[in-house]
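A.B. asks: A single structure is presented below for examination.
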């Protein structure tokens, strides 16, 4: 990535809805050059699909939960089964395999405590590979961004 590519990526992270003409003008390249750069960055996998960010509270999803999960065992079949379960659940926004006492860290968003209790008691803790979990409830979002620090 050269300086123009970095400028392009930073601009797209701030506003991916800009027209290609405006984007080209803002970074100082021709529309044709911009198009070639976009296609190249998409081909390398640096740029992924375009999405619109949704305000969770406006969508009725006001409870952010950070859930730590400990597995009963760590064989490949158990891990794969759990990771497939996680991928199938829309409430689970992010899942990280972690080091230390806990095996996974989940970011979950649901409408309310009752919604989280259903997910936890009826699904997550019933997964055969899960040994235990610990939940932390966010009081408010201080910072939430999808912008990577491209310099």
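Here, each number is a calculation from the coordinates, and none is a lab measurement. What you are looking at is a predicted structure, and each value in this text was computed from that prediction instead of being measured. All Cβ positions, glycine included, derive from the backbone under ideal geometry; neighbour counts span all protein chains shown.
A.B. asks: What's the angle, to the nearest 10 degrees (0 to 90), between helix 31-44's Cα axis and the longest principal axis of the chain?
C.D. replies: The angle comes out at about 30 degrees.
A.B. asks: From the P(r) of the range 63-137, can you give the percent of Cα pairs sitting at distances over 21 Å?
C.D. replies: 16
A.B. asks: Here's a follow-up. Could you compute how fast the range 3-44 diffuses translationally, taking Rh as the Kirkwood radius over C-alpha pairs and applying Stokes-Einstein at 4 °C with viscosity 1.567 mPa s? Give it in µm² per second.
C.D. replies: 129
A.B. asks: Still on this model: Could you state the per residue volume, in Å³, of the convex hull enclosing the Cα atoms of the chain?
C.D. replies: Convex hull of Cα atoms, per residue: 152 Å³.
A.B. asks: Stretch residue 30-residue 54 to full length: gain in nm at 0.36 nm per residue minus the Cα-Cα span?
C.D. replies: Value of the extension gain: 5.5 nm.
A.B. asks: What do you get for Rg/Rh over the range 93-151 if you use C-alpha atoms and the Kirkwood form of Rh?
C.D. replies: 1.02
A.B. asks: Dividing the convex hull volume of the Cα atoms of the range 46-92 by its residue count, what figure in Å³ per residue is obtained?
C.D. replies: Once divided by residue count, the hull of the range 46-92 is 136 Å³.
A.B. asks: Please report the relative contact order for the chain, taking Cα pairs under 8 Å with a sequence separation of at least 6, and give it as a percent rounded to a whole number.
C.D. replies: 28
A.B. asks: While we're looking at this one, here's another question. Using per-residue counts of other Cβ atoms within 10 Å, averaged over each peptide, order 79-85, 136-142, 23-29 from highest down.
C.D. replies: Averaged packing, sorted descending, gives the order 23-29, 79-85, 136-142.
A.B. asks: Now for a separate question. If I fit a long axis through the Cα atoms of helix 76-88 and take the longest principal axis of the Cα atoms of the chain, what angle between them do I get, 0 to 90°, rounded to 10?
C.D. replies: Helix 76-88 sits at roughly 60 degrees to that axis.
A.B. asks: At R0 = 25 Å, how high is the FRET efficiency between residue 16 and residue 80 if r is their beta carbon distance? Nearest 0.05 is fine.
C.D. replies: 0.15
A.B. asks: Give me the angle, in degrees from 0 to 90, between the Cα long axis of helix 3-14 and the longest principal axis of the Cα atoms of the chain, rounded to the nearest 10.
C.D. replies: The helix 3-14 is inclined about 50 degrees to the chain.
A.B. asks: While we're on this one: What is the Cα centroid distance between the range 119-151 and the range 44-61, reported in whole angstrom?
C.D. replies: About 17 Å separates the Cα centre of the range 119-151 from the one of the range 44-61.
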